[in-house]
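> The structure under discussion is supplied below as structure tokens; questions concerning it will follow.
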Amino acid sequence: MKVLGSVPSPFTRKVRIVLAEKRVECTFERVEVIAPDTPVPAYNPLGKIPVLVLDDGSTLYDSRVICEFLDTVSPIGRLIPEESRNRIAVRRWEALADGVVDAGILVRYERAREPQLQSAAWIDRQTGKLERGLAEMAKELGDKPWCHGNGFTLADIAFGCTLGWIAFRFPAIDWRGAHPNLARHFDKLSERQTFADTVPKA
């Protein structure tokens, strides 16, 4: 198997961490989505990363689908609970964390446009989603040691990837000062080798 993705991508990072936590052998192929000769559309018609290419040549996307598949490949440390209510709670966490990133990506795309074409209202709207998402993450986490349940799950992986990406792409956002509990949990997760090995960088 191989994963097509990029180091800065929080969605690629999520998959890479799941692979490492599950101890699944997989090649990581770095790609540039916006490059004229990018191979991504040949594997994913939507042109998005990450993409998991299976041994038989079939492909899986997006990161949520890939992570769920990988959790079934190896019996080591289940990251998505089997029990329905707990499973939904973990997937809800993942959706919330991914949604914060989605809003941030839209802000970055808008700011990359020519100044005269940028919409301040659109940027404010997406920034509001990002900030509300962080506030909801802080509320949901509270003083708990893990995002859900009594141990490390996919919820924590999504949580850590989102905050790591915000710290990388939006250093001016003081989420640490606004939400100390997010900082506490993020710092704990950052000590795991799987997180240390996948820190986003240009």
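The values are calculated or read from the model by the stated rules, or taken from the named source; none is laboratory data. Since the structure is predicted, the reported quantities are computational estimates derived from the model, not experimental observations. FYI the Cβ positions are ideal-geometry reconstructions off the backbone, even for glycines, and counts take in every protein chain you see.
> Would you tally the residues in the stretch 8-50 being over 17 Å from T72 (Cα atoms), in contact with a helix residue (DSSP H, G or I) (Cβ under 8 Å, 6 or more places away or on another chain) and not polar (S, T, N, Q)?
Summing the residues that are over 17 Å from T72 (Cα atoms), in contact with a helix residue (DSSP H, G or I) (Cβ under 8 Å, 6 or more places away or on another chain) and not polar (S, T, N, Q) in the stretch 8-50 gives 11.
> Please find, among E94, E68, the residue that is crowded, with 17+ Cβ neighbours inside 10 Å, under 15 Å from the mean Cα position of the chain (by Cα) and not assigned by TED's automatic domain parsing to the domain that holds L163.
Criteria check complete, one pass: E68.
> So which of E110, E136, E131, E140 is more than 20 Å from F170 (Cα to Cα), surrounded by 13 or more Cβ atoms within 10 Å (Cβ to Cβ) and not hydroxyl-bearing (S, T, Y)?
That would be E140, the only listed residue that is more than 20 Å from F170 (Cα to Cα), surrounded by 13 or more Cβ atoms within 10 Å (Cβ to Cβ) and not hydroxyl-bearing (S, T, Y).
> May I ask you to list the residues in the stretch 73-116 that are part of a helix (DSSP H, G or I), within 17 Å of G149 (Cβ to Cβ) and out of contact with any helix residue (DSSP H, G or I) (no Cβ under 9 Å at 6 or more places or on another chain)?
S84, R85, N86, R87, I88, listed by residue number.
> Also, I was wondering about something else. Pull out all pairs, ordered by first then second residue, where Cβ-Cβ is under 8 Å, the residues are six or more apart or on different chains, the first lies in the stretch 12-31 and is at positive phi, and the second is surrounded by fewer than 16 Cβ atoms within 10 Å (Cβ to Cβ) and hydrophobic (A, V, I, L, M, F, W, C).
That search, which allows pairs on different chains as well, returns R23/I76.
> Report every pair of residues separated by at least 6 positions or lying on different chains whose Cβ atoms are under 8 Å apart, first residue within the stretch 142-168 and part of a loop (DSSP other than H, G, I, E, B), second hydroxyl-bearing (S, T, Y).
W146/T153; C147/T153
> Report, by residue number, each residue of the stretch 169-202 that is more than 19 Å from G104 (Cα to Cα), in contact (Cβ under 8 Å) with a residue 40 or more places away in the chain and buried (at least 19 other Cβ atoms within 10 Å of the Cβ).
H185, F195, T198, listed by residue number.
> Also, quick follow-up: Which of the residues belonging to the stretch 33-47 are over 18 Å from M1 (Cα atoms) and modelled with pLDDT of 95 or more?
The answer is T38, P45, L46, G47.
> Any residue at all in the stretch 36-45 that is touching a residue at least 40 places away in the same chain (Cβ under 8 Å) and either touching a Gly at 6+ places or on another chain (Cβ under 7 Å) or within 22 Å of I157 (Cα to Cα) (or both)?
Scanning the stretch 36-45, I find no residue that is touching a residue at least 40 places away in the same chain (Cβ under 8 Å) and either touching a Gly at 6+ places or on another chain (Cβ under 7 Å) or within 22 Å of I157 (Cα to Cα) (or both), so the answer is no.
> Looking for something under 24 Å from D62 (Cβ atoms) and among the small types (G, A, S) - is there at least one such residue anywhere in the stretch 170-185?
No, the stretch 170-185 contains no residue that is under 24 Å from D62 (Cβ atoms) and among the small types (G, A, S).
> Hey, another quick one. Could you look through the stretch 155-164, keep only residues that are buried (at least 22 other Cβ atoms within 10 Å of the Cβ) and of a type outside the set (S, T, Y), and pick out the one that is nearest to R87 (Cα to Cα)?
Going through the qualifying residues, I end up with A155.
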